[in-house]
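Note sheet for the following structure.
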Amino acid sequence: MAPHLHSRRTALSVNLNKVALVRNTRHLGIPSVTRAATLCLQAGAGGITVHPRPDERHIRLHDVFDLAQVLQAWPEREYNIEGNPFHNLMDVAREVRARGLPLHQLTFVPDGEGQFTSDHGWSFPQDAERLRPLIAEAQALGARVSLFMDPEPAAMVAAKAVGPDRVELYTEPYAAAWHTPQRADQLERYRAAAQAALDAGLGVNAGHDLNRDNLTAFLRGVPGVSEVSIGHALIADALELGYSATVADYRRCIDEAFGDAGSSAGPRSHRPRGHDERVGP
Ligand SMILES: CC(=O)[C@@H](O)[C@H](O)COP(=O)(O)O
Ligand SMILES: NCC(=O)COP(=O)(O)O
(Lines give C-alpha, C1' and ligand atoms only; values in the text may rest on other atoms or scores of the structure.)
(Ligands and ions follow the chains in the order given, each with its own letter.)
Protein backbone atom coordinates (compact mmCIF):
# COMPACT_ATOMS: atom_id res chain seq x y z
CA MET A 1 0.00 0.00 0.00
CA ALA A 2 1.33 3.42 -0.87
CA PRO A 3 2.86 5.50 1.93
CA HIS A 4 0.44 7.92 3.54
CA LEU A 5 1.97 11.04 2.08
CA HIS A 6 -0.93 13.10 3.43
CA SER A 7 0.14 12.19 6.98
CA ARG A 8 2.76 14.01 8.98
CA ARG A 9 5.91 11.96 9.47
CA THR A 10 5.39 9.49 12.29
CA ALA A 11 7.36 10.50 15.39
CA LEU A 12 9.59 7.98 17.18
CA SER A 13 9.27 8.03 20.97
CA VAL A 14 11.94 5.90 22.67
CA ASN A 15 10.73 3.99 25.72
CA LEU A 16 13.56 3.78 28.28
CA ASN A 17 12.00 1.23 30.66
CA LYS A 18 14.59 -1.43 29.88
CA VAL A 19 17.56 0.86 30.45
CA ALA A 20 16.22 1.41 33.96
CA LEU A 21 15.65 -2.33 34.37
CA VAL A 22 19.35 -3.08 33.81
CA ARG A 23 20.47 -0.10 35.93
CA ASN A 24 18.37 -1.34 38.86
CA THR A 25 20.34 -4.60 39.11
CA ARG A 26 23.29 -2.80 40.76
CA HIS A 27 23.66 0.33 42.94
CA LEU A 28 26.03 1.99 40.45
CA GLY A 29 23.70 4.24 38.46
CA ILE A 30 24.70 2.71 35.15
CA PRO A 31 23.43 2.43 32.44
CA SER A 32 22.20 6.00 32.88
CA VAL A 33 18.59 6.61 31.88
CA THR A 34 19.18 10.35 31.42
CA ARG A 35 22.26 9.73 29.28
CA ALA A 36 20.25 7.32 27.15
CA ALA A 37 17.57 9.97 26.69
CA THR A 38 20.11 12.61 25.68
CA LEU A 39 21.78 10.33 23.13
CA CYS A 40 18.43 9.27 21.65
CA LEU A 41 17.26 12.88 21.38
CA GLN A 42 20.58 13.94 19.84
CA ALA A 43 20.05 11.15 17.27
CA GLY A 44 16.68 12.61 16.33
CA ALA A 45 14.14 10.77 18.48
CA GLY A 46 10.89 12.72 18.57
CA GLY A 47 10.51 12.08 22.26
CA ILE A 48 10.94 9.88 25.30
CA THR A 49 8.42 7.47 26.82
CA VAL A 50 8.48 5.92 30.28
CA HIS A 51 6.10 3.63 32.13
CA PRO A 52 6.68 4.12 35.88
CA ARG A 53 4.94 0.99 37.15
CA PRO A 54 3.81 0.94 40.82
CA ASP A 55 6.40 -1.72 41.72
CA GLU A 56 9.22 0.42 40.23
CA ARG A 57 10.69 -2.69 38.55
CA HIS A 58 12.34 -0.36 36.03
CA ILE A 59 11.47 3.35 35.80
CA ARG A 60 11.51 4.84 39.30
CA LEU A 61 9.78 8.01 40.41
CA HIS A 62 13.04 9.99 40.40
CA ASP A 63 13.64 8.91 36.79
CA VAL A 64 10.37 10.54 35.78
CA PHE A 65 11.51 13.93 37.12
CA ASP A 66 15.13 13.51 35.97
CA LEU A 67 13.93 12.81 32.42
CA ALA A 68 11.48 15.71 32.50
CA GLN A 69 14.45 17.95 33.27
CA VAL A 70 16.31 16.47 30.28
CA LEU A 71 13.29 17.21 28.07
CA GLN A 72 13.32 20.84 29.25
CA ALA A 73 16.40 21.30 27.05
CA TRP A 74 14.53 19.87 24.05
CA PRO A 75 11.34 21.98 23.86
CA GLU A 76 10.36 20.65 20.44
CA ARG A 77 10.51 16.99 21.59
CA GLU A 78 7.81 15.23 23.57
CA TYR A 79 7.61 13.51 26.94
CA ASN A 80 5.09 10.67 27.16
CA ILE A 81 4.33 9.03 30.48
CA GLU A 82 2.35 5.79 30.47
CA GLY A 83 0.51 4.10 33.29
CA ASN A 84 -2.76 3.16 34.89
CA PRO A 85 -4.61 6.35 35.89
CA PHE A 86 -6.36 4.42 38.68
CA HIS A 87 -3.01 3.48 40.21
CA ASN A 88 -0.05 5.92 40.35
CA LEU A 89 -0.12 7.70 37.00
CA MET A 90 -2.22 10.70 37.98
CA ASP A 91 -0.20 11.42 41.12
CA VAL A 92 2.97 11.27 39.00
CA ALA A 93 1.48 13.62 36.41
CA ARG A 94 0.28 16.10 39.05
CA GLU A 95 3.75 16.21 40.62
CA VAL A 96 5.54 16.65 37.27
CA ARG A 97 3.32 19.62 36.48
CA ALA A 98 3.48 20.99 40.05
CA ARG A 99 7.26 21.16 39.57
CA GLY A 100 6.75 23.08 36.32
CA LEU A 101 8.29 20.27 34.30
CA PRO A 102 7.23 19.35 30.76
CA LEU A 103 4.61 16.67 30.15
CA HIS A 104 3.20 16.44 26.62
CA GLN A 105 1.23 13.20 26.66
CA LEU A 106 -0.23 10.75 29.15
CA THR A 107 -0.97 7.28 27.83
CA PHE A 108 -3.59 5.53 29.93
CA VAL A 109 -2.87 1.79 30.11
CA PRO A 110 -5.19 -0.64 32.00
CA ASP A 111 -2.38 -2.71 33.50
CA GLY A 112 -2.64 -4.53 36.80
CA GLU A 113 -0.04 -3.65 39.44
CA GLY A 114 2.06 -6.82 39.03
CA GLN A 115 1.39 -7.40 35.34
CA PHE A 116 4.30 -8.98 33.39
CA THR A 117 3.88 -6.41 30.61
CA SER A 118 1.08 -4.49 28.93
CA ASP A 119 -1.13 -6.91 27.06
CA HIS A 120 -4.58 -5.35 26.51
CA GLY A 121 -6.42 -2.12 26.02
CA TRP A 122 -9.40 -0.44 27.70
CA SER A 123 -12.88 -1.90 27.48
CA PHE A 124 -15.85 0.09 26.27
CA PRO A 125 -18.47 0.79 27.48
CA GLN A 126 -17.32 -0.74 30.81
CA ASP A 127 -14.44 1.73 31.42
CA ALA A 128 -16.00 4.79 29.84
CA GLU A 129 -17.48 6.69 32.79
CA ARG A 130 -14.62 6.16 35.21
CA LEU A 131 -12.09 7.29 32.56
CA ARG A 132 -13.90 10.49 31.61
CA PRO A 133 -12.97 12.68 34.64
CA LEU A 134 -9.34 11.56 34.66
CA ILE A 135 -9.00 12.33 30.96
CA ALA A 136 -10.37 15.80 31.65
CA GLU A 137 -7.98 16.31 34.58
CA ALA A 138 -4.99 15.13 32.55
CA GLN A 139 -5.88 17.56 29.77
CA ALA A 140 -6.29 20.34 32.34
CA LEU A 141 -2.71 19.55 33.41
CA GLY A 142 -1.71 20.36 29.83
CA ALA A 143 -1.17 16.81 28.60
CA ARG A 144 -2.57 15.21 25.49
CA VAL A 145 -4.34 11.95 26.47
CA SER A 146 -3.91 8.70 24.56
CA LEU A 147 -5.89 5.57 25.45
CA PHE A 148 -4.15 2.21 25.04
CA MET A 149 -6.55 0.20 22.89
CA ASP A 150 -6.87 -3.15 21.19
CA PRO A 151 -7.32 -2.79 17.41
CA GLU A 152 -11.11 -2.96 17.48
CA PRO A 153 -12.76 -0.53 15.02
CA ALA A 154 -16.11 -0.77 16.80
CA ALA A 155 -14.60 0.61 20.04
CA MET A 156 -13.27 3.86 18.57
CA VAL A 157 -16.46 5.94 18.62
CA ALA A 158 -17.08 5.00 22.26
CA ALA A 159 -13.46 5.81 23.09
CA LYS A 160 -13.72 9.22 21.46
CA ALA A 161 -16.88 9.95 23.46
CA VAL A 162 -14.96 10.06 26.77
CA GLY A 163 -12.66 12.79 25.48
CA PRO A 164 -9.15 11.52 24.67
CA ASP A 165 -7.03 13.10 21.97
CA ARG A 166 -5.58 9.85 20.63
CA VAL A 167 -5.61 6.11 20.95
CA GLU A 168 -2.50 3.94 21.02
CA LEU A 169 -3.04 0.69 19.17
CA TYR A 170 -1.57 -2.23 21.14
CA THR A 171 0.58 -3.84 18.45
CA GLU A 172 1.80 -7.09 20.02
CA PRO A 173 -0.64 -9.22 17.97
CA TYR A 174 0.70 -7.63 14.77
CA ALA A 175 4.28 -8.28 15.84
CA ALA A 176 3.50 -11.85 16.91
CA ALA A 177 2.02 -12.57 13.48
CA TRP A 178 4.98 -11.07 11.59
CA HIS A 179 6.60 -14.41 10.71
CA THR A 180 3.30 -16.25 10.20
CA PRO A 181 0.72 -16.56 7.39
CA GLN A 182 -1.54 -14.27 9.47
CA ARG A 183 0.69 -11.20 8.84
CA ALA A 184 -1.56 -9.67 6.16
CA ASP A 185 -4.75 -10.31 8.13
CA GLN A 186 -3.30 -8.65 11.21
CA LEU A 187 -2.13 -5.64 9.22
CA GLU A 188 -5.63 -5.24 7.79
CA ARG A 189 -7.04 -5.42 11.34
CA TYR A 190 -4.82 -2.50 12.36
CA ARG A 191 -5.57 -0.57 9.19
CA ALA A 192 -9.30 -0.82 9.89
CA ALA A 193 -8.88 0.12 13.55
CA ALA A 194 -6.72 3.14 12.73
CA GLN A 195 -9.13 4.31 10.05
CA ALA A 196 -12.04 3.98 12.48
CA ALA A 197 -10.10 6.01 15.05
CA LEU A 198 -9.29 8.72 12.49
CA ASP A 199 -12.92 8.77 11.33
CA ALA A 200 -14.01 9.22 14.96
CA GLY A 201 -11.72 12.25 15.29
CA LEU A 202 -8.95 10.52 17.23
CA GLY A 203 -5.22 10.67 16.59
CA VAL A 204 -3.44 7.33 16.28
CA ASN A 205 -0.33 6.18 18.12
CA ALA A 206 1.06 2.66 18.13
CA GLY A 207 3.47 0.61 20.17
CA HIS A 208 4.48 -2.62 21.85
CA ASP A 209 6.84 -5.13 20.20
CA LEU A 210 7.43 -2.99 17.13
CA ASN A 211 10.95 -3.36 15.79
CA ARG A 212 13.26 -2.75 12.85
CA ASP A 213 11.75 -5.69 10.94
CA ASN A 214 8.03 -4.94 11.25
CA LEU A 215 7.88 -1.15 11.60
CA THR A 216 8.05 -0.01 7.96
CA ALA A 217 5.32 -2.40 6.81
CA PHE A 218 3.12 -1.31 9.69
CA LEU A 219 3.43 2.37 8.80
CA ARG A 220 2.89 1.66 5.11
CA GLY A 221 -0.27 -0.31 5.84
CA VAL A 222 -1.81 1.69 8.69
CA PRO A 223 -2.98 5.24 8.02
CA GLY A 224 -2.17 8.37 9.96
CA VAL A 225 0.09 7.04 12.73
CA SER A 226 1.29 10.14 14.62
CA GLU A 227 3.73 8.38 16.97
CA VAL A 228 5.27 5.01 17.58
CA SER A 229 6.64 4.39 21.06
CA ILE A 230 9.22 1.64 20.99
CA GLY A 231 11.34 0.32 23.81
CA HIS A 232 12.11 -3.35 24.26
CA ALA A 233 13.39 -4.15 20.74
CA LEU A 234 15.02 -0.74 20.27
CA ILE A 235 17.00 -1.02 23.51
CA ALA A 236 17.94 -4.60 22.60
CA ASP A 237 19.24 -3.28 19.27
CA ALA A 238 21.09 -0.50 21.06
CA LEU A 239 22.99 -3.09 23.08
CA GLU A 240 24.46 -4.19 19.75
CA LEU A 241 24.49 -1.00 17.68
CA GLY A 242 24.56 1.83 20.26
CA TYR A 243 21.77 4.35 20.90
CA SER A 244 22.68 6.77 18.13
CA ALA A 245 22.96 4.22 15.33
CA THR A 246 19.83 2.45 16.56
CA VAL A 247 17.67 5.57 16.66
CA ALA A 248 18.96 6.49 13.20
CA ASP A 249 18.01 3.00 12.01
CA TYR A 250 14.49 3.25 13.37
CA ARG A 251 14.10 6.70 11.84
CA ARG A 252 15.16 5.21 8.50
CA CYS A 253 12.48 2.54 8.92
CA ILE A 254 9.95 5.37 9.30
CA ASP A 255 11.44 7.25 6.34
CA GLU A 256 11.09 4.17 4.15
CA ALA A 257 7.38 4.02 4.97
CA PHE A 258 7.08 7.62 3.76
CA GLY A 259 8.99 6.88 0.57
CA ASP A 260 12.24 8.58 1.63
CA ALA A 261 14.51 5.57 1.79
CA GLY A 262 17.91 6.69 2.98
CA SER A 263 16.91 10.26 3.74
CA SER A 264 18.13 9.84 7.34
CA ALA A 265 21.84 9.62 6.68
CA GLY A 266 22.04 6.61 4.40
CA PRO A 267 20.39 3.19 4.17
CA ARG A 268 19.37 1.37 7.30
CA SER A 269 21.36 -1.57 8.49
CA HIS A 270 19.82 -4.96 7.91
CA ARG A 271 22.00 -6.57 10.51
CA PRO A 272 19.97 -9.55 11.74
CA ARG A 273 19.04 -9.41 15.38
CA GLY A 274 20.07 -12.43 17.43
CA HIS A 275 17.20 -14.22 19.18
CA ASP A 276 17.37 -16.47 22.20
CA GLU A 277 14.75 -19.16 22.40
CA ARG A 278 11.44 -17.52 23.28
CA VAL A 279 11.26 -17.76 27.05
CA GLY A 280 7.85 -17.99 28.61
CA PRO A 281 6.70 -15.55 31.36
C1 LIG B 1 2.10 0.22 27.18
C2 LIG B 1 3.12 -0.62 26.51
O3 LIG B 1 2.84 -1.41 25.65
C4 LIG B 1 4.52 -0.42 26.85
O5 LIG B 1 4.78 0.91 26.68
C6 LIG B 1 4.87 -0.72 28.26
O7 LIG B 1 5.66 0.33 28.75
C8 LIG B 1 5.67 -1.96 28.34
O9 LIG B 1 5.97 -2.14 29.70
P10 LIG B 1 7.27 -2.97 30.11
O11 LIG B 1 8.45 -2.22 29.53
O12 LIG B 1 7.20 -2.98 31.62
O13 LIG B 1 7.11 -4.32 29.47
N1 LIG C 1 3.67 2.06 24.21
C2 LIG C 1 4.64 1.07 23.76
C3 LIG C 1 5.98 1.40 24.32
O4 LIG C 1 6.18 2.46 24.88
C5 LIG C 1 7.08 0.44 24.21
O6 LIG C 1 6.64 -0.87 24.05
P7 LIG C 1 7.80 -1.95 23.75
O8 LIG C 1 8.51 -1.48 22.52
O9 LIG C 1 8.71 -1.98 24.94
O10 LIG C 1 7.06 -3.26 23.54
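The values are calculated or read from the model by the stated rules, or taken from the named source; none is laboratory data. In this text the structure is predicted, and so the values were computed from the model without any measurement. Positions of Cβ are generated from backbone atoms using ideal geometry, with glycine treated the same way; all protein chains shown enter the neighbour counts. The protein model used for the area step is the full one, side chains on, heavy atoms only, and it has no ligands, DNA or RNA in it. Shrake-Rupley method; radii C 1.70, N 1.55, O 1.52, S 1.80 Å.
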| Any residue in segment 126-141 that is outside any helix (DSSP H, G or I), hydrophobic (A, V, I, L, M, F, W, C) and closer than 24 Å to residue 230 by Cβ? | no
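Go through segment 19-47 and give me each residue that's touching a residue at least 40 places away in the same chain (Cβ under 8 Å), surrounded by fewer than 18 Cβ atoms within 10 Å (Cβ to Cβ) and on the phi < 0 side of the Ramachandran plot. Quick ask: steps written out before the conclusion?
The initial filter retains those residues of segment 19-47 that are touching a residue at least 40 places away in the same chain (Cβ under 8 Å), namely 19-20, 36, 39-40, 42-47.
Still in the list and also surrounded by fewer than 18 Cβ atoms within 10 Å (Cβ to Cβ): 42, 44.
If the condition is that a residue be touching a residue at least 40 places away in the same chain (Cβ under 8 Å), surrounded by fewer than 18 Cβ atoms within 10 Å (Cβ to Cβ) and on the phi < 0 side of the Ramachandran plot, then 42 is the only one that fits.
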| remark: Counting only residues in segment 234-246 that are hydrophobic (A, V, I, L, M, F, W, C) and over 12 Å from the mean Cα position of the chain (by Cα), the one nearest to ligand 2 (Cβ to nearest atom) is identified as 235
| remark: Among residues of segment 62-83 being assigned to a helix (DSSP H, G or I) and either within 18 Å of the chain's Cα centre (by Cα) or within 15 Å of ligand 1 (Cβ to nearest atom) (or both), the residue surrounded by the fewest Cβ atoms within 10 Å (Cβ to Cβ) is 71
| query | If you scan segment 5-35, which residues turn out to be farther than 29 Å from residue 223 by Cβ, in contact with a helix residue (DSSP H, G or I) (Cβ under 8 Å, 6 or more places away or on another chain) and away from ligand 2 (no atom under 14 Å from the Cβ)? | reply | 23, 29, 30, 31, 32, 33, 34
| message | Between 121, 100, 114, which is assigned to a loop (DSSP other than H, G, I, E, B) and more than 15 Å from ligand 1 (Cβ to nearest atom)? | response | 100
| What residue, of 51, 58, is out of contact with any Ser or Thr (no Cβ under 8 Å at 6 or more places or on another chain) and either of a type in the set (A, V, I, L, M, F, W, C) or within 16 Å of ligand 2 (Cβ to nearest atom) (or both)? | 58
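Would segment 84-98 turn up any residue that is among the small types (Gly, Ala, Ser), open to solvent by 20 Å² or more (accessible area, probe 1.4 Å) and within 20 Å of residue 145 (Cβ to Cβ)?
First, pick out the residues of segment 84-98 that are among the small types (Gly, Ala, Ser): 93, 98.
Then keep just the ones that are open to solvent by 20 Å² or more (accessible area, probe 1.4 Å); that gives 98.
Checking which are within 20 Å of residue 145 (Cβ to Cβ) leaves us with 98.
Scanning segment 84-98, I find at least one residue that is among the small types (Gly, Ala, Ser), open to solvent by 20 Å² or more (accessible area, probe 1.4 Å) and within 20 Å of residue 145 (Cβ to Cβ), so the answer is yes.
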| note | The one condition residue 76 fails out of (1) more than 15 Å from ligand 2 (Cβ to nearest atom); (2) in contact (Cβ under 8 Å) with a residue 12 or more places away in the chain is (2)
| message | Scan segment 148-167 and tell me whether some residue there is β-branched (Val, Ile, Thr), at pLDDT 95 or above, away from ligand 2 (no atom under 15 Å from the Cβ) and within 15 Å of residue 82 (Cβ to Cβ). | response | no
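Condition test on residue 232, is it within 14 Å of ligand 1 (Cβ to nearest atom) and either in contact with a Phe, Trp or Tyr (Cβ under 8 Å, 6 or more places away or on another chain) or of a type in the set (D, E, K, R) (or both)?
Values: within 14 Å of ligand 1 (Cβ to nearest atom): yes; either in contact with a Phe, Trp or Tyr (Cβ under 8 Å, 6 or more places away or on another chain) or of a type in the set (D, E, K, R) (or both): no.
No: the conditions fail for residue 232.
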| query | Hey, among the residues in segment 110-136 that are within 25 Å of residue 77 (Cα to Cα) and out of contact with any helix residue (DSSP H, G or I) (no Cβ under 7 Å at 6 or more places or on another chain), which one's surrounded by the most Cβ atoms within 10 Å (Cβ to Cβ)? | reply | 118
